[in-house]
1. If amide H atoms are built 1.01 Å from N in the plane of the peptide, which residues on other chains or at least 5 residues away come under 5 Å of the amide H of residue A:168?
2. For chain A, which longest stretch is free of loop sites, where a loop site is one of the trypsin sites (Lys or Arg not before Pro) that DSSP puts outside H, G, I, E and B and that has at most 15 other Cβ atoms within 10 Å?
3. Could you check the spin-label model distance between residue B:158 and residue A:306? Points 7 Å from the Cα along Cα→Cβ, value in nm.
4. Helix B:179-193 against the longest principal axis of chain B: what's the angle in degrees, Cα atoms only, rounded to the nearest 10?
5. Can I get the semi-axes of the stretch B:96-173's equivalent ellipsoid? Compute them from the C-alpha gyration tensor as square roots of 5 times the eigenvalues, in angstrom, largest first.
6. In what sequence do B:412, B:148 fall when counting other Cβ within 10 Å, fewest first?
7. Nm distances between the label at residue B:304 and the same-position labels in the remaining copies, 7 Å along Cα→Cβ, shortest first?
8. Let me check against my output: what whole-number percent is the relative contact order of the stretch B:72-158, with C-alpha pairs under 8 Å and at least 6 apart?
Protein chains: 2
Amino acid sequence: MTTEQAPSPGISRRRLLGSAGAAGAAGLVAGGAAGAYASEAARETPEPLTSVGATAVPFHGGHQAGITTPLQAHGHLLAFDLKAGANRKAAAALLRRWSRTARQLTAGEAPPDDTGIALDAGPSSLTVTFGFGRTFFGKVGLDDRLPEALAPLPHFVSDALDPKRSDGDLWIQIGADDALVAFHALRALQREAAGTARLRWQMNGFNRTPGATDRPMTTRNLMGQIDGTNNPKPTDDDFERRIFVPEKGEPAWMAGGSYAVVRRIRMLLDAWDHLSLERQEKVIGRRKSDGAPLSGGTETTPVRLDKVNADGSLAIAGAAHVRVAAPASNQGAAMLRRPFSYHDGFRADGAPDAGLLFIAWQADPMKGFVPVQRKLDLGDDLSRFLRHEASALFAVPPGCAPGEYVGQALLEG
Amino acid sequence: MTTEQAPSPGISRRRLLGSAGAAGAAGLVAGGAAGAYASEAARETPEPLTSVGATAVPFHGGHQAGITTPLQAHGHLLAFDLKAGANRKAAAALLRRWSRTARQLTAGEAPPDDTGIALDAGPSSLTVTFGFGRTFFGKVGLDDRLPEALAPLPHFVSDALDPKRSDGDLWIQIGADDALVAFHALRALQREAAGTARLRWQMNGFNRTPGATDRPMTTRNLMGQIDGTNNPKPTDDDFERRIFVPEKGEPAWMAGGSYAVVRRIRMLLDAWDHLSLERQEKVIGRRKSDGAPLSGGTETTPVRLDKVNADGSLAIAGAAHVRVAAPASNQGAAMLRRPFSYHDGFRADGAPDAGLLFIAWQADPMKGFVPVQRKLDLGDDLSRFLRHEASALFAVPPGCAPGEYVGQALLEG
């Protein structure tokens, strides 16, 4: 595309449509093609967007967005590998481009040479989160800054990992409440990688649409189970310490950052759906209807692992998922799970290619995902119905201030 | 699963959650497992669902739902083939099961042995639409009722069709504004096919989330273009006649029905996005920003194919998509396009596997899709950026009344 005129960075997609009549005079240009979006026929003053489209999540901040942000209805995960010859300088330039574009997109602005896919939609809670994989550091001569916490995840018995859909030098997590807004961001960010990095793998996921249910906090997964009840809460005293690398943590460039464990977990839904509801609830340790633990109470009642039924049996079975995964069973290990479901049609064997894009956030994987998964791997009744098909671990640096870019302290520090 | 107690057909998922305290006494059972959803801990009276979740589209009616229903945010297309030995009686039983379940699901009720995936969501505008492919009729001994209009679609030059993802004996279109509600319906309907039919192909699509934009009528496709502006409107005098088989039409069992042309159209987005905005708009014949025709006016202004620019050139180029597709260029041929976008990751060549699940509705494909596509196939500038990868044509019978099932007049008449 030609770029006769620089884009106006502060112009929102909605203003472009709402005030198109003034476009020529004010030089409001969304794409690089001069005057392209200038419209002789101004629309009437647009109706206010509902909260779904109008909600914007700030890009800048102490932590990157997309970690404690409420789950969005659509997600894309993308991993990239640096191209041969891409050095530290090229990687820094890429992160600068990506950060600039992410800031524009999350504010509902149109980047240069815009594809227009998101035109007239609001930002729809778009978040873009960037991470670095272990393999990144050696390629750009930053071995000395490789965090210890990025050590390869151990092998688990239930792993059946596809290396082509695992790992990667760079990672982007995109979330939005509108599918076209999310796809628009994917295309814009992928285009900016050209020349420096190539797509290694990509996965698409989803959660509930805002307003489809009254249930505010948690979503259901494709097994029909409420997911996320026992997540650490931002109001917990130790939330920051568990999820984010502390101010004086190591390495220094990760202070305020977090580690993302990404697992593509296929669910054996045909086998699962053949279980009776009673069996399913015993495997999980919670009621399906409302997520209440089988030890009593409501969804948010703490699980009582010692509760015994009238017949002397444990209310929460010995191999129930909530028992094996509980912090009390894992020296207090905890992580913030923020998943998307996925469904990519069906496999050659006729089974659904569907499950969970499990994303877990923690200050240290060795005090979060690793000990819990080690325990689940051997003792969890649920694991019979799951296949871990892909795995990755990324260092997700802190958020950046205006004028900075994500990863700057790593790449320039 | 055990089925000690028959499900209560009129119990909604929300009532099950909202009035769970009364569940034991009233015998409110969502699944077949007795008392399974009875909860000792009743939730507080739930908040009202927002309109997104609470909207229910009636299953029963003169036409099937999902044809003139507003576009939903999520869609699944499923084609099935009858298993060897499945006769007319078995097919009738399947359509009866499917219709019963579709009625329950679209009302937000839980079918027997429910997977629970949609629990606590409203119906979210769920629609389920059933159709018959040409190959269905011979297999169940109904050759004499095969509609002439189900003649195979002609070959088009731009076709690169995958037979494994084309055609099929039976077709289901699922649409809903919530991804989990849509997936729940897919699983419930697929399970009921077991023994009678097996999945042949399946595709997943999406449109805008309700509330993401103010734009009420039309959506954008992945090329960034507003799509559907020139669709026939239910308020048009000839709408019924163009879209639905008339009361005295042939065959009699199709009166009130429609024909669905389904095409998986991959978009060559990398090539498209490299065009300048001006070139893109010339290819389409409309402005990208607001969909207004290049002959002037606003999105809904009729296209003036004869409009000439000051320099003597046509305002709408000779090979522009809107010119070649216009009813005026096709002896008035028209169809109701009701598509979903799709995005299945990326291909081996690095290009996005993304485009349009094009679904076109008409009373007669020979007066709708076929003449228009024949013209587009040869003369449309846009066709260079499209690949038709799969194709199917289905006879979609009229809707049914309570107590009846879709296709009953065909299978029992």
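1. Amide H to amide H, under 5 Å and 5 or more residues apart or across chains, residue A:168 pairs with A:135.
2. Working: sites that count: A:83, A:248, A:304, A:307, A:347.
Longest gap between qualifying sites, sites excluded: A:84-247.
3. 7.1 nm
4. It works out to around 70 degrees.
5. Details: eigenvalues 214, 62, 23 Å².
Semi-axes from the Cα gyration tensor: 33, 18, 11 Å.
6. Numbers: B:412 14, B:148 9.
Taking fewest neighbouring Cβ atoms as first place, the list is B:148, B:412.
7. Going from nearest to farthest copy, the values are 7.9 nm.
8. Working: 39 pairs, mean separation 26.5, N = 87.
It rounds to 30 percent for the stretch B:72-158.
Only the coordinates and a few stated rules stand behind these numbers; no lab work does. A quick note: this is a predicted structure, and the numbers were derived from the prediction, not measured. Note: ideal-geometry Cβ built from the backbone for every residue, glycine included; neighbour counts use all protein chains shown.
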